[in-house]
Amino acid sequence: VWAALLLDHAPKWHSYWRNPGDSGLPTTIEWRLPEGWSAGEIVWPAPHRIPTGPFVNYGFDGEVLLPVSLSVPADAVPGSMARIEASAQWLVCADICIPEEAKLALDVAVSGPPAASDGTWAGRFAEARQHAPKPSPWSAVVDGSADTLLLRIGAAGLERDRLGDITFFP
């Protein structure tokens, strides 16, 4: 099953990606789940660049959904109730940065085989997972010195004139 933290940033405010860049902190979620349950990592959507003076950060503004896969044990009893708790922390910044947090809890009924998805959120979760960065099919090598870093990507069959904007997010 999927759960998510939805951050809705005020205008001109942002939070950070899993690699925040030159400054900032990524959002974290600590889960307290019933015995046998487990939580995966946040499925991070692709960020955008946030220039700050001579620095570059990576993150989100507006609304961002941070989905997490929850594994339910095979012996979970249909019809029983499960309490899902999470403690989330994130940093929001504009001209200043403010740490924020939320303690969240939800009682959910354990069901049998997957039921029809709630149409309200199924599309949002699917879209968030679709926008997550995917592993590259190409090989990459990093070379450099103390002053220069060179990233070489072996992309056989990729035509240079078919490339649009390319951004590297470390």
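The values are calculated or read from the model by the stated rules, or taken from the named source; none is laboratory data. Predicted model only: the values in this text are computed from it and were never measured. Neighbour counts run over all protein chains shown; Cβ positions are idealised from the backbone, glycine included. Keep in mind that these areas ignore ligands, DNA and RNA; they rest on the heavy atoms of the full protein, side chains included. Shrake-Rupley method; radii C 1.70, N 1.55, O 1.52, S 1.80 Å.
Within the range 79-150, which strands (runs of 3 or more DSSP E) (wholly inside it) include 1 or more residues that are under 19 Å from residue 8 (Cβ atoms)? Outline the logic, then answer.
On the way: elements: 81-93, 97-109, 139-144.
Of the strands (runs of 3 or more DSSP E) lying wholly inside the range 79-150, those with at least 1 residues that are under 19 Å from residue 8 (Cβ atoms) span 81-93, 97-109.
In this structure, is residue 167 hydroxyl-bearing (Ser, Thr, Tyr) and either modelled with pLDDT of 90 or more or open to solvent by less than 90 Å² (accessible area, probe 1.4 Å) (or both)? Full working, then the answer.
Values: hydroxyl-bearing (Ser, Thr, Tyr): yes; either modelled with pLDDT of 90 or more or open to solvent by less than 90 Å² (accessible area, probe 1.4 Å) (or both): yes.
Criteria met by residue 167.
Name the residues in the range 83-95 that are of a type in the set (A, V, I, L, M) and at pLDDT 95 or above, would you?
The first filter runs over the range 83-95 and keeps only residues of a type in the set (A, V, I, L, M), leaving 84, 86, 88, 91-92, 94.
Those that are of a type in the set (A, V, I, L, M) and at pLDDT 95 or above: 84, 86, 88, 91, 92.
Name the residues in the range 44-84 that are open to solvent by 40 Å² or more (accessible area, probe 1.4 Å) and β-branched (Val, Ile, Thr), would you?
Of everything in the range 44-84, those that are open to solvent by 40 Å² or more (accessible area, probe 1.4 Å) and β-branched (Val, Ile, Thr) turn out to be 52, 72, 77.
Can you tell me which residue is surrounded by the fewest Cβ atoms within 10 Å (Cβ to Cβ) among those in the range 142-158 that are among the hydrophobic types (A, V, I, L, M, F, W, C) and free of Cβ contacts under 8 Å to residues at least 12 places away in the same chain? Walk me through it before giving the result.
Our first condition is that a residue be among the hydrophobic types (A, V, I, L, M, F, W, C); within the range 142-158, this holds for 142, 146, 149-151, 153, 155-156, 158.
This time we only want the ones that are free of Cβ contacts under 8 Å to residues at least 12 places away in the same chain, so: 142, 146, 149-150.
Details: 142: 9, 146: 5, 149: 10, 150: 9.
If we take residues in the range 142-158 being among the hydrophobic types (A, V, I, L, M, F, W, C) and free of Cβ contacts under 8 Å to residues at least 12 places away in the same chain, then 146 is surrounded by the fewest Cβ atoms within 10 Å (Cβ to Cβ).
Please give the strands (runs of 3 or more DSSP E) falling wholly within the range 1-61 in which 3 or more residues are in contact (Cβ under 8 Å) with a residue 24 or more places away in the chain and among the aromatic types (Phe, Trp, Tyr).
Values: elements: 2-8, 15-21, 28-32, 38-42, 48-52, 55-60.
Where strands (runs of 3 or more DSSP E) fall fully within the range 1-61 and carry at least 3 residues being in contact (Cβ under 8 Å) with a residue 24 or more places away in the chain and among the aromatic types (Phe, Trp, Tyr), they are 55-60.
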